[in-house]
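In what follows, a single structure is set out as structure tokens and then discussed.
Derivation of every value follows stated rules applied to the coordinates shown; laboratory data play no part. Note that this is a predicted model, so its numbers are computed, not measured. Here Cβ is always computed from backbone atoms with ideal geometry, including for glycine, and neighbour counts include all displayed protein chains.
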Amino acid sequence: MIKILANDGVHADCKTLLNEAGYQVDTEKIPQDQLMEKLPEYDVVIVRSATKITKALIDNCPKLKLICRAGVGLDNIDIDHAKEKGIPVMNTPAASSQSVAELAFGHMFNLARFLQVANRQMPVEGNTAFKGLKKQFSSGIQLRGKTLGVIGFGRIGQEVARIGLAMGMNVMPVDLMIDKADIHLNLYNRNDVRLSVTVDTHEWEEVLRNADFITLHVPFSGGKPLISTDEIAMMKPGVFLINTARGGAIDEEALLEGLNSGQIGGAGIDVFENEPTPKIEILKHSKISLSPHIGASTLEAQSNIGLELADRILAFFGDDK
Ligand code: NAD
């Protein structure tokens, strides 16, 4: 029988599908320091971002046939070593794109109407200084008609573009590899209405100079930040910056400087340089709308991830139970 350890948990639908196919799925978490002893009995390990699959651990598990990441980022898995050992590493890159795109817009809506500050001030002064707060937050903006810079026009970037187009925004993507993409706008329960728009990508600098909102959807695994002082200086004064990609893709010191000088109007940040202990100056800044790395954390995304993973594991083993 194929034994699977889902060490950071996995959606119940995934477990059910695998159980129905006769696989054993253990979801009780084994602490990292006990994995050397316990993981060798498993054929498959499923992790999210918490469990680390290191070179030493892979070397200690000769039975291991497959490593799965329930989600996108593979930073916690030594992929090169797994490859060397002939162990495939699977993830579920498409399952959470819609959820991440919606979160990026959540931050944009917050910033456009100062909701991140209003939500902090209303509980404190809402019944003593209502009129003052009303005045303080009455110069918000609409998103319709604004230019949306989408850095990275892959799966998530294209979902963001779909929402932006539907809202009447001028969508300007930039991508290293992609020149254009057809974006299909789907209306709820109206399969008879079909609207497809071809969206071209633009030069990096053109996007930085023209966008009112800039949202990042590129992979980033350390090194030089994509957005730092020079890039911020090129942007429109008052630009709104959103990072739901990876911490460090925007230089946090440069971001704080830009926010304090007014060059940046506000930022929506889901991912941080020092997770899980982000800089306090970022957490307390009134121009930052915050979330604790929850881009893919919706019920729908987790279910999609689970189903996609179960399908891929079943296809991998075929009839070989
Ligand atoms: P993807 O691979 O489909 O798209 C990324 C695109 O970025 C590619 O088209 C690539 O050509 C482009 N790109 C790479 N480097 C670039 C650069 N320097 N300039 C311009 N374009 C560049 O990836 P995706 O599924 O859209 O995911 C994007 C990122 O979102 C992931 O790498 C991950 O870090 C992040 N993510 C975050 C969460 C979250 O919880 N906040 C969840 C899922 C994914």
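Worth a mention:
- Using a Förster distance of 51 Å, the FRET efficiency for Lys131-Tyr188 (Cβ separation, nearest 0.05): 0.85
- DSSP beta bridges in the chain [antiparallel fraction, %, rounded to 5]: 15
- With 21 Å as the limit, the listed pairs Lys135/Lys236; Lys134/Lys287; Lys146/Lys284; Lys146/Lys287 have Lys135/Lys236; Lys146/Lys284 beyond it between alpha carbons.
- Counted residue by residue at 0.36 nm each, then reduced by the alpha carbon distance between them, the extension gain from Glu253 to Ile141 reaches 37.7 nm.
- For region 97-290, relative contact order (Cα pairs under 8 Å, six or more residues apart, normalised by length) works out to 21 percent.
- Comparing Ala50, Ala70, Ala161 in a Gaussian network model of the chain (Cα springs below 10 Å), the most mobile by mean-square fluctuation is Ala50.
- In this rough spin-label picture, where each label sits 7 Å from Cα along the Cβ direction, the Glu41-Arg113 distance is 5.4 nm.
- 3J(HN,Hα) from dihedral phi, region 267-282, Karplus parametrisation 6.51/-1.76/1.60, rounded to Hz, x for glycine, proline: 9, x, 10, 9, 10, 10, 4, 10, 5, x, 10, x, 4, 5, 5, 6
- Summarising the amide proton neighbourhood of Ile288: residues at separation of 5 or more, or on other chains, whose placed amide H is nearer than 5 Å comprise Ala267.
- The charge dipole of the chain, taken about the Cα centre with unit charges on the Cβ atoms of Lys, Arg (+1) and Asp, Glu (-1), comes to about 1020 debye, rounded to the nearest 20.
- Stretch gain in nm, segment Trp204-Arg120, where the contour uses 0.36 nm per residue and the Cα spacing is subtracted: 26.7 nm
- In order through region 184-196: 3J(HN,Hα) via Karplus (6.51 cos²θ - 1.76 cosθ + 1.60), integer Hz, x for Gly, Pro: 9, 9, 10, 8, 4, 6, 10, 5, 6, 9, 10, 9, 10
- Gyration tensor verdict on the chain (Cα atoms; rounded if a/c is under 1.5, prolate if a/b is larger than b/c, oblate otherwise): prolate
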